[in-house]
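The values are calculated or read from the model by the stated rules, or taken from the named source; none is laboratory data. Fair warning: this is a prediction, and the values are worked out from it, not measured in the lab. Here the Cβ positions follow ideal geometry from the backbone for every residue, glycine too, while neighbour counts run over all protein chains shown. Quick note on the areas: whole protein, heavy atoms, side chains included, nothing else; ligands and nucleic acids left out. Shrake-Rupley method; radii C 1.70, N 1.55, O 1.52, S 1.80 Å.
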Amino acid sequence: MDWAPLVSTTLGAVIGIASTLATDRARTRRGRQDNDQAARQQLYGDYLAALARTRNQIRIAARPAALPAAERTRQAAEAFHEGNAYELRYQIAVVAPQPVVEASTAAFRALRNLRDHVEAGAHHTSPDYVRARDSWERLLTELRKTMRRDLGREVF
């Protein structure tokens, strides 16, 4: 009996099955990566929006120079409670790569520092507030760039 046709048929079937499995595995991995990236993109957008809401509320608290100190302090503290940045920051710490986590932490701390200045009585033209605001804006820009790099987007 000639075994060559049987061996070549079996070998062909094994190669076909192996290539199908490899293709399916690559497609599954790619789908998972796409889903992970989409989830990170959504989280990054939500976090940036939360930081923007918090920053805006702090700006409102710092604006009116005639605002009583107690009210300024209350508004600045409330900005962090209502902004949702804390919760989203912890989510980023779980799913994002280290450079994003570090940039996220730095931006968050800069925003908290800005809030602390307002709580201490600074208003939007105070030199301490202006320096803290500039630091916040610089670190927010770096956070956005780091997020864009992570998502494979052009950084500008």
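Pairs, please: C-beta under 8 Å, at least 6 apart or cross-chain, first residue closer than 18 Å to Thr125 by Cβ and in the stretch 64-76, second polar (S, T, N, Q) and surrounded by 11 or more Cβ atoms within 10 Å (Cβ to Cβ)?
Pairs that qualify, where the first residue is closer than 18 Å to Thr125 by Cβ and the partner is polar (S, T, N, Q) and surrounded by 11 or more Cβ atoms within 10 Å (Cβ to Cβ), are Leu67/Gln75; Gln75/Gln57; Ala76/Gln57.
How many residues, within the stretch 98-111, are in contact (Cβ under 8 Å) with a residue 12 or more places away in the chain and in contact with a helix residue (DSSP H, G or I) (Cβ under 7 Å, 6 or more places away or on another chain)?
Residues meeting the conditions: 9.
Inside the stretch 131-156, can you point out the residues that are at pLDDT 95 or above and among the hydrophobic types (A, V, I, L, M, F, W, C)?
Ala132, Trp136, Leu139, Leu140, Leu143, Met147
Within the stretch 125-141, can you find the residues that are assigned to a loop (DSSP other than H, G, I, E, B) and open to solvent by less than 60 Å² (accessible area, probe 1.4 Å)? Talk me through it step by step, then tell me what you get.
If we filter the stretch 125-141 for residues that are assigned to a loop (DSSP other than H, G, I, E, B), which is where we start, we get 125-126.
Correct list: Ser126 only.
Name the single residue, out of those in the stretch 93-124 being surrounded by 21 or more Cβ atoms within 10 Å (Cβ to Cβ) and among the β-branched types (Val, Ile, Thr), that is nearest to the chain's Cα centre (by Cα).
Within the stretch 93-124, the match that is nearest to the chain's Cα centre (by Cα) is Val100.
Of everything in the stretch 60-74, what is assigned to a helix (DSSP H, G or I) and surrounded by fewer than 20 Cβ atoms within 10 Å (Cβ to Cβ)? Give them in sequence order. Explain how you work it out, then say what you get.
Going through the stretch 60-74, the residues assigned to a helix (DSSP H, G or I) turn out to be 60-62, 69-74.
Across the stretch 60-74, the qualifying residues are Ile60, Ala69, Ala70, Glu71, Thr73, Arg74.
Pairs, please: C-beta under 9 Å, at least 6 apart or cross-chain, first residue more than 18 Å from Thr54 (Cα to Cα) and touching a residue at least 60 places away in the same chain (Cβ under 8 Å) and in the stretch 140-156, second open to solvent by 50 Å² or more (accessible area, probe 1.4 Å) and among the charged types (D, E, K, R)?
Sorted first by the residue in the stretch 140-156, then by its partner, the pairs are Met147/Arg153.
Results for (1) polar (S, T, N, Q); (2) not in a helix (DSSP H, G or I), shown as yes or no for each residue.
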{"residue": "Asp2", "(1), (2)": "no, yes"}
{"residue": "Ile17", "(1), (2)": "no, no"}
{"residue": "Thr23", "(1), (2)": "yes, no"}
{"residue": "Ala50", "(1), (2)": "no, no"}
{"residue": "Thr54", "(1), (2)": "yes, no"}
{"residue": "Phe80", "(1), (2)": "no, no"}
{"residue": "Val94", "(1), (2)": "no, no"}
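Quick check: is even one residue across the stretch 105-114 modelled with pLDDT of 95 or more and farther than 15 Å from Ile58 by Cβ?
Taking every residue of the stretch 105-114 in turn, at least one turns out to be modelled with pLDDT of 95 or more and farther than 15 Å from Ile58 by Cβ.
Mind listing whichever residues of the stretch 49-59 are open to solvent by less than 50 Å² (accessible area, probe 1.4 Å) and of a type outside the set (Ser, Thr, Tyr)? Outline the logic, then answer.
Just the residues of the stretch 49-59 that are open to solvent by less than 50 Å² (accessible area, probe 1.4 Å), to begin with: 49-51, 54-55, 58.
Residues satisfying the conditions are Ala49, Ala50, Leu51, Arg55, Ile58.
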